[in-house]
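Here's the structure we're looking at; comments come further down.
The values are calculated or read from the model by the stated rules, or taken from the named source; none is laboratory data. Given the structure is predicted, the values throughout are model-derived calculations rather than measurements. Backbone-built Cβ (ideal geometry, glycine too); neighbour counts: all protein chains shown.
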Amino acid sequence: MTAALADAAAAVLRGNDLGHLTVASPDLYPHQWSWDTAFVAVGISRVSVPRAVAEMTSLLAAQWPSGMIPHIVFDRPSAYFPGPERWRSELAIEPPALRTSGICQPPVHSLALACILQEGRRRGGSDRRTAEDFVAGTLPGWLAWHRWLAASRDPEGHGLVEIHHSWESGMDNSPRWDFPYSRVTPGEMEPFTRTDTRHVGEVRQRPTDEEYRRYIWLVDQMVAVRYDEEAIRKTIDFHVADVFFSALLALAAEIIGELAEEFGRRADAAEMSEVAARFRAGVAAAVDPETGLATDRDLRSGRLLHSAALSGFAPLISGAEADVLARQRELLLGPDWCGHRALRHAVPPSTSPAAAQFDRRRYWRGPQWPVMTWLFSWAARRHGDAELAGRLREEALRQLGDLSFAEYYDPLSGQALGSRAQSWTAAAALDWMAWS
Ligand code: 2M8
């Protein structure tokens, strides 16, 4: 079974490989996505270190002059909507060299750098050299990305990252965003046709048309100001402090700081360790003492966004004081989350099954996402909680036993949902299989 799972996962990644990049999924997402690429590179490194390096290199080639790593790189024509014609990145005040979207996604890239380096060293020989040369040579680019996030997305230094579109959170239609979107009222806009719903078994597994109208409205708002960050902050209808993105920045900055130290960049290392501390503190301060969950904030109204979404466990990602971590762990394994009695597999659902907003089949509103389970297990291992990491891994591998490598799963029935042969799901499986 184990060998079959690893073989099937590797076959999925080969099937989605265009040579220099891996598409996020064969039909639904036929391009390179930013955070997908990092997860994919972690998995591919278990098969080929040079190929994992190529994956990250192709993403970095799309970096904007500002330092931003864009959320989608469009390198071939496709029916994906919104494509480059709607994003119009060429109109940006400082345009990128490639055609890309104009927003970003959470910075999980340094996790991939660390994994590639570790795997290269474990294998030794040319893999070791390839990994070390790659990290040493591209550190300036990755550092610029983290620096841009810390400066442009937290200009006042609160330790929380602002986002301008829920696509930036990666959890597009999570209940986290219901309130801010209730205040986004699209005006007149160029008509469009969705293509995403053609690639899933039933429309209800995707966001609604109303949500899509808002998503595209925000894209048009950013194009209108030519992606000028200052102007976007003033004009965009969706302006939110994202606690989960912030936790990932804390973790990512800590890791890239360690890499910088190792490769002799002491000033960069000190700077990144400060960034990590700032965002870790921002996340800790966002924990609601009553619920024990971290909370986003709507920056237009100032309102705290209470929701029973997985992002509430941000401290388990960023790291926190022992008592905070202990409470979060208990909650995560408790009856409202992984320990809910109706769950088929005890892995974190995207929204608590005990919450009113829980929708077992709709995208980020309930289903379990294997890549998120991988992230929580990887972070637990890093923060010294091997027991939690092992539990999550074991359950997740059982879930993946259907070999569909689905984008997400119905937490109650265990049914595969969304895209099949999703790259990051296969990558998570490959990495877990290699854990000792
Ligand atoms: C989903 O998002 C894209 C837009 O970015 C979409 O629905 O078209 C999200 O799950 C996101 O987190 C992910 O990176 C992307 C590709 O897997 O798909």
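Among the residues making up the stretch 336-394, those that are within 16 Å of the ligand (Cβ to nearest atom) and among the basic types (Lys, Arg) are Arg361, Arg362, Arg365. The set of residues in the stretch 140-154 being of a type in the set (Gly, Ala, Ser) and either surrounded by 22 or more Cβ atoms within 10 Å (Cβ to Cβ) or in contact (Cβ under 8 Å) with a residue 60 or more places away in the chain (or both) consists of Gly141, Ala144, Ala150, Ser152. When Pro65 is tested against (1) within 24 Å of Trp148 (Cα to Cα); (2) assigned to a loop (DSSP other than H, G, I, E, B); (3) touching a helix residue (DSSP H, G or I) at 6+ places or on another chain (Cβ under 9 Å), just one condition goes unmet, and that condition is (3). When Arg391, Arg398, Arg420 are checked against the criterion of being under 20 Å from the mean Cα position of the chain (by Cα) and of a type in the set (D, E, K, R), Arg420 stands alone in meeting it. Can you tell me which residue is surrounded by the fewest Cβ atoms within 10 Å (Cβ to Cβ) among those in the stretch 71-82 that are in a loop (DSSP other than H, G, I, E, B) and within 11 Å of the ligand (Cβ to nearest atom)? Among those that are in a loop (DSSP other than H, G, I, E, B) and within 11 Å of the ligand (Cβ to nearest atom), it is Phe81. Taking the criterion of being part of a helix (DSSP H, G or I), surrounded by 23 or more Cβ atoms within 10 Å (Cβ to Cβ), out of contact with any His (no Cβ under 9 Å at 6 or more places or on another chain) and not aromatic (Phe, Trp, Tyr), the residues of the stretch 10-62 that qualify are Val12, Leu13, Asp36, Val40, Val42, Gly43, Ile44, Ser45, Val49, Ala52, Val53.
The residue that is farthest from the ligand (Cβ to nearest atom), counting only those in the stretch 158-178 that are closer than 14 Å to Thr208 by Cα and touching a strand residue (DSSP E or B) at 6+ places or on another chain (Cβ under 6 Å), is Pro175. Scanning the stretch 24-55 for residues that are within 15 Å of the chain's Cα centre (by Cα) and among the hydrophobic types (A, V, I, L, M, F, W, C) yields Ala24, Trp33, Trp35, Ala38, Phe39, Val40, Ala41, Val42. State all residues of the stretch 393-417 that are of a type in the set (Asp, Glu) and out of contact with any His (no Cβ under 9 Å at 6 or more places or on another chain); if no residue qualifies, say none. If the condition is that a residue be of a type in the set (Asp, Glu) and out of contact with any His (no Cβ under 9 Å at 6 or more places or on another chain), then Glu394, Asp402, Glu407, Asp410 are the ones that fit. Taking each residue of the stretch 201-228 that is farther than 22 Å from Arg88 by Cβ and looking for partners that are basic (Lys, Arg) and at pLDDT 95 or above with beta-carbon atoms closer than 7 Å, six or more apart or interchain, yields Arg204/Arg361; Arg204/Arg362; Gln205/Arg361; Gln205/Arg362.
If the condition is being within 12 Å of the ligand (Cβ to nearest atom) and either at pLDDT below 95 or out of contact with any Leu (no Cβ under 7 Å at 6 or more places or on another chain) (or both), then the stretch 185-197 contributes Arg194, Thr195, Thr197.
Any chance the stretch 113-132 includes a residue that's within 16 Å of the ligand (Cβ to nearest atom) and either in a helix (DSSP H, G or I) or out of contact with any strand residue (DSSP E or B) (no Cβ under 8 Å at 6 or more places or on another chain) (or both)? So far as the stretch 113-132 goes, no, none of its residues is within 16 Å of the ligand (Cβ to nearest atom) and either in a helix (DSSP H, G or I) or out of contact with any strand residue (DSSP E or B) (no Cβ under 8 Å at 6 or more places or on another chain) (or both). So which residues in the stretch 154-211 are hydrophobic (A, V, I, L, M, F, W, C), closer than 22 Å to Ser318 by Cβ and part of a loop (DSSP other than H, G, I, E, B), if there are any at all? Passing the criteria: Leu160, Met171.
Within the stretch 380-410, being surrounded by fewer than 22 Cβ atoms within 10 Å (Cβ to Cβ) and of a type in the set (Gly, Ala, Ser) holds for Gly384, Ala386, Ala389, Gly390, Gly401, Ser404.
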